[in-house]
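A short write-up of the structure that comes next.
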Amino acid sequence: MSEVRLQIKNLCKSFGITRAVQDVSFDIMKGEVHALIGENGSGKSTLTNCLTGIYSKDSGQFILDGKEINPRNQVEANDEGVSIIVQELGTLDSLTVAENIFLGHENKFVKFGIKNTAAMNSQANDLLKQYGFDRIKASEMVDSYNFEDRKLVEIVKATYFNPKIVVVDETTTALSQEGREELYKHINRIREEGNTVIFISHDLQEVLRMSDSITVLRDGVYIDTVKSADVNEDDLKKLMVGREVSGSYYRADYGEAVSDEVVLTAKGVTVPGLIQDISFELHKGEILGFGGLSESGMHEVGKAVFGASFDREGSVTLSDGTGIKDIPTAIAHSMAYTSKDRDNESVVMNQGIGDNICLPSLDSISNKAGILMSKKMKEFAGKHAATMSVKMVNTDQFVSDLSGGNKQKVVLARWIGKDSDILVLDSPTRGIDIKVKQDIYQLMDRMRKEGKSIIMISEEMAELIGMCDRILIMKDGRINAELMRDPNMDENKLIEQMV
Ligand code: ADP
Ligand code: MG
């Protein structure tokens, strides 16, 4: 019989009129990986943020090893033996890697009022080495590293002190396959040491593979806790959405001819050190996929096409001859781009949903004299937020308050509002649950039928296979293969070309 590690009793948390967590109670055991699943906005992050002192709960109790805990911040939570790798970026730009790892616990390195930076860096470097993350250096500023490496820093920060409970909130969506394997290793280690991992992920395969038990939330309400060994993906989907979900949700057509009309031509596009001699044509009404390992250069292709790369060589030309060299030209010619790194590049977090949606369309919303009209902006934002069914209180709400999937909807609503003809979508469904994913796939299918052209860059092979007319596989900065839409395509065919 396993022992209870954490009892959650009658937990409640609201944000204004949003009841994010409603009277939730369940137990989590020692030495288990306990997954928490539910659609976007079901309250997973709110629950774990209350546990780890990021939010203060309204009522209810957390009982850890028989004793009630009430951390008021993450440092207090760490002192109780609870840590979290948060869903969004959890490192601070203005600090070094070492300072991030030991944030709030610097006094370990203070003697006679003086911080011993050398000792701190040396201990951080030892840890990074132990974790196999040697390429990250303790004394460097954390913002000199990319999103993935910063997540690895967070793994160290959250686990080095052997906490009793580690919360992993949607971390895997930010990681490449290699990064995921690293994380899995540490999750398994924590479990073997008799400690507990609360694992939040949208990837149900991963949830089934990694967890011992699974708790399902829906709209802030507790639905059920099941043993992972007793259920399959369809059972989980049913519990999450409360109805039968059909297995396939990608576009269903095969063998439809794509128009000959070319809307965009890339020729010899090179970004030194990242991509080399990329040439392709994008057709009207086509969904063109880019796949590859995360460092293959595919994410840079999206930026380069949109005129957002530094030092780009080669050309990107639209059918009317316009060369795309910078972002303003791209936007003025009906191109749209959503970044993989949604929080840093795609949305303005400290602005309202409405402002975010209106941003690229301000020209058309303002009157002849160029004066913005707030009523018109409100209508515009409201309309497009509704098309995407963004789950929100109103369009004045800050984007930073939304769940990941809803942030993504805001990003897409912005470009749909602009009625873009060419969309470059980098990882459009990263960290998004099945229902919103389905919405996005249906939207892409609709746009393709309306004659819009889409470049979809994705690390998820299933969606590339399911949605694209054609897939270009990148390897070491170059296009390595071209695969046409085919009902018999499987992931192995893609992988063969990636490695
Ligand atoms: P999940 O992690 O399951 O996707 P969240 O816990 O992030 O869901 O969100 C649950 C609900 O609470 C959502 O409706 C979300 O918009 C709302 N919410 C979450 N955080 C905040 C916040 N800081 N301010 C206002 N509303 C929030
Ligand atoms: Mg969340």
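The values are calculated or read from the model by the stated rules, or taken from the named source; none is laboratory data. Worth saying up front: this structure is predicted, and the values here are computed from it rather than measured. Cβ placement follows ideal geometry from the backbone for every residue including glycine, while neighbour counts extend to all protein chains displayed. Quick note on the areas: whole protein, heavy atoms, side chains included, nothing else; ligands and nucleic acids left out. Shrake-Rupley method; radii C 1.70, N 1.55, O 1.52, S 1.80 Å.
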Provide LYS137, LYS151 ordered by accessible surface of protein heavy atoms (probe 1.4 Å), highest first.
LYS137, LYS151
Sort out for me the Cα centre separation of the stretch 270-332 from the stretch 152-194, rounded to whole Å.
34 Å
Alpha-carbon centroid distance for the pair the stretch 472-499 / the stretch 381-441, whole angstrom
29 Å
What do you get for chymotrypsin sites (Phe, Trp or Tyr not before Pro) in the stretch 104-142 restricted to DSSP loop and a cutoff of at most 14 other Cβ within 10 Å of the site's Cβ?
PHE112
So the angle from the long Cα axis of helix 404-417 to the longest Cα principal axis of the chain, reported in degrees to the nearest 10, equals 20 degrees
Taking placed amide H atoms and a strict 5 Å upper bound, the residues 5 or more places from HIS283 or on another chain that come that close are VAL263
Where THR225, THR91 fall by accessible area, highest first, once all protein chains stay in place (1.4 Å)
THR225, THR91
Using only Cα atoms, find the angle between the long axis of helix 434-449 and the longest principal axis of the chain, and express it within 0 to 90 degrees, rounded to the nearest 10.
10 degrees
Proximal lysines relative to LYS378, as straight alpha-carbon distance under 23 Å, when same-chain residues fewer than 8 apart are discounted
LYS368, LYS391, LYS407, LYS409, LYS418
Averaging over all projection directions, find the projected area of the Cα convex hull of the stretch 154-209 and quote it in nm² with one decimal place.
3.6 nm²
I'd like the Kirkwood hydrodynamic radius of the stretch 212-325, using the inverse of the mean 1/r over distinct C-alpha pairs, in Å.
18.2 Å
Just to compare against my own numbers: the Cα pair-distance distribution for the stretch 4-241, 5 Å bins, whole % per bin, please.
1, 7, 14, 18, 19, 16, 12, 7, 4, 1, 0, 0
Using only Cα atoms and rounding to the nearest 10 degrees, what angle (0 to 90) does helix 177-192 make with the longest principal axis of the chain?
20 degrees
Rg to Rh for the stretch 28-143: what is it, with Cα atoms only and Rh by Kirkwood?
1.02
Residue by residue through the stretch 76-91, the couplings from Karplus 6.51 cos²θ - 1.76 cosθ + 1.60 with θ = phi - 60°, in Hz, x for Gly and Pro, are 4, 4, 4, 5, 7, x, 10, 9, 9, 9, 6, 5, 8, 5, x, 10
Cα-based Rg/(2.2 N^0.38 Å) for the stretch 409-499, rounded to two decimals, is 1.12
Filtered hits (lysines, Cα-Cα < 21 Å from LYS129, offset >= 8 within chain) -> LYS108, LYS137, LYS151, LYS157, LYS185
From Cα coordinates alone, what are the radius of gyration and Dmax values for the stretch 262-498 in angstrom?
17.6, 57
Table column - 3J(HN,Hα) (Hz), the stretch 122-134, Karplus curve with 6.51, -1.76, 1.60, x for Gly and Pro
5, 5, 5, 4, 4, 4, 4, 5, 3, 7, x, 9, 4
Put GLU182, GLU206 in order of accessible area, largest first, probe 1.4 Å, and you get GLU182, GLU206
Please turn the phi angles of the stretch 153-165 into ³J(HN,Hα) values with the Karplus equation 6.51 cos²θ - 1.76 cosθ + 1.60 (θ = phi - 60°), one per residue in order, whole Hz, x for glycine and proline.
4, 5, 4, 4, 4, 7, 10, 5, 9, 6, x, 6, 9
Over the alpha carbons of the stretch 351-461, what is the largest minus smallest coordinate on each principal axis, giving the biggest first in Å?
47, 32, 18
Could you list log10 I(q)/I(0) for the chain at q = 0.06, 0.09, 0.11 Å⁻¹, which the Debye formula gives when each Cα is one point scatterer?
-0.29, -0.67, -1.00
Which of the chymotrypsin sites (Phe, Trp or Tyr not before Pro) found in the stretch 141-179 are in a DSSP loop and have at most 15 neighbouring Cβ atoms, other than their own, within 10 Å?
PHE161
